[in-house]
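I'd like to ask some things about the structure below.
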Amino acid sequence: QVQFVESGGGLVQPGGSLRLSCVGSGSIFRFSRMSWYRQAPGKQRELVAAAPAASVIKYVDSVKGRFTLTRDNAKNTLFLQMNNLKPEDTAVYYCNSHFGDIDYWGQGTQVTVSS
């Protein structure tokens, strides 16, 4: 059974940093396109950053220069380092694995940026 579990969310002041982690089970991690999505209240879920199995990492324009996605295939772990956080980054952040025609999602972790 394939599962993904996120952690690392929390409350942080504007300008602060957080590091999200997503640990996956199963053997598909290294072959999957791994991504971070987020969903703010009243808004649609949006792609934040995506790391194909063997290609360039892509970021949504609003987080370029502030967020960094990395993946450790040996540990089935995906990370999102978030620096210089802004109130508009407040959302539930989800880990996604896309393999073949199947999407797997974690349960999400809340990130709140507020003074």
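Taking the options Val48, Val56, name whichever one is β-branched (Val, Ile, Thr) and touching a Ser or Thr at 6+ places or on another chain (Cβ under 8 Å).
Val48
Inside the range 34-59, can you point out the residues that are closer than 21 Å to Tyr104 by Cβ and of a type in the set (A, V, I, L, M, F, W, C)?
If the condition is that a residue be closer than 21 Å to Tyr104 by Cβ and of a type in the set (A, V, I, L, M, F, W, C), then Met34, Trp36, Leu47, Val48, Ala49, Ala50, Ala51, Ala53, Ala54, Ile57 are the ones that fit.
Need the failing condition index for Gln44 against (1) in contact (Cβ under 8 Å) with a residue 40 or more places away in the chain; (2) under 14 Å from Val92 (Cβ atoms), just the number.
Answer for Gln44: the failing condition is (1).
Note down all Cβ pairs under 7 Å where the first residue falls in the range 104-115 and is over 14 Å from Leu78 (Cα atoms), the second is charged (D, E, K, R) and buried (at least 17 other Cβ atoms within 10 Å of the Cβ), and they're at least six residues apart or on different chains.
Pairs found: Gln107/Glu6; Val111/Asp89; Val113/Asp89.
Every number in this text was worked out from the coordinates using simple rules, so none of it is lab data. Values in this document were obtained by computation on a predicted structure and should not be read as measured data. Cβ: placed from backbone, ideal geometry, glycine included. Neighbour counts: every protein chain shown.
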